[in-house]
C-alpha cells in the first residue's frame, strides 16, 4: 500500500463529523494505526471518568484503520469488536495502537491496546472486519488534498 493511501485515510478520519467531539489525532501505517484523544469532562460519565464508549471508539478506530490501511478500494466494516476495560482515566491523553493480526481476501482480525500518557494500559480490544461495497473514492474526504 502507499503512503498516499494512508494520508488520505487520515484526512478522511479527521473530517468525520463525530470527531468534532473527540478531536482525535491519527497516524496510519501499513497494517497499523494509532488514534489518540485528550480526555476531559466532555467525555466523562456520571462518576467523572471516561465513558466506556470512548475506550471502544479509540480501540475500534485504531484497529479499523490498521485494516483499512491494507485495503485501497473500499471501506472496511467492523463485524464484531470485544472490549476489555482495565483502568479508568479522568484526564490526560489516551492512545490506542491497532495492528492487523490475521488477513484473508475478505476478513481481517485486528487488535488494539489503549494506554494513558504514562504508558499504563487502560484497555484491550480485538475485532473482525470485512470489505464493504462503499468505495473509498466516494467516502467523505478521501482523496482531498492530493
CD proxy at 222 nm, helix term only [per DSSP H run n ≥ 4: -39500 (n - 2.57); per residue of the chain; nearest 500]
-7000 deg cm²/dmol
If 122, 43, 70 are placed from fewest to most neighbouring beta carbons inside 10 Å, the sequence is 70, 43, 122
Please report the spacing between the Cα centers of the stretch 47-107 and the stretch 118-133 in Å, no decimals.
3 Å
Label corresponding to Rg and Dmax of the Cα atoms in Å when calculated from the structure given, among (1) 14.8, 44; (2) 14.2, 40; (3) 16.6, 57
(1)
Per-residue Cβ neighbour rank within 10 angstrom, fewest leading, 9, 77
77, 9
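Each reported figure results from applying straightforward, stated rules to the coordinates on display, with no laboratory input. It should be emphasised that the depicted structure is a prediction, and the values quoted were computed from it without experimental measurement. Counting neighbours? That spans all protein chains shown, and the Cβs are built from the backbone with ideal geometry, glycine included.
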